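Here's the structure, in structure tokens; my notes come after.
The values are calculated or read from the model by the stated rules, or taken from the named source; none is laboratory data. Everything numeric here is computed off the predicted structure, so don't read it as measured data. Positions of Cβ are backbone-derived with ideal geometry, glycine not excepted, and every protein chain shown enters the neighbour counts.
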Amino acid sequence: MFEDYIAGLTSPEQVLLNISDLPRGIDNYHIDVKLSPKFCAEFKSLLTDYLNLETSEKPQRLKNDKQVEEFRNCYIDMMTVLINRVKLIQTPSK
């Protein structure tokens, strides 16, 4: 039965996209990004807990709702620093 199922599967046609004509935007202007170590640690911890929840056989909640709030605050801090840096380096000619 399994063999019958996979026998009907085929590989999709390859899609080639030329993105060289796309205008550069804020989302693809800087390629190298350095995230704060605190943000990375908070994200890793939260992601680990979410993965444990999703893969658990029993319905559960996050062990600590404060963890979500800490991650949110860390993200806000990082974005605030970013916005302030952008404001400092921007001039009317840029």
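Within segment 31-48, the set of residues being among the acidic types (D, E) and either on the phi > 0 side of the Ramachandran plot or at pLDDT below 85 (or both) comprises D32 only. Here the condition is being more than 16 Å from the chain's Cα centre (by Cα), at pLDDT 75 or above and not in a loop (DSSP other than H, G, I, E, B); of E3, E13, it holds for E3 alone. Just one of the listed residues (N64, N73, N28) is surrounded by 10 or more Cβ atoms within 10 Å (Cβ to Cβ), within 18 Å of the chain's Cα centre (by Cα) and at pLDDT below 80, and it is N28. Candidates in segment 45-61 are the residues that are loosely packed, with under 11 Cβ neighbours inside 10 Å and either touching a residue at least 60 places away in the same chain (Cβ under 8 Å) or assigned to a helix (DSSP H, G or I) (or both); of these, the one that is farthest from the chain's Cα centre (by Cα) is T55.
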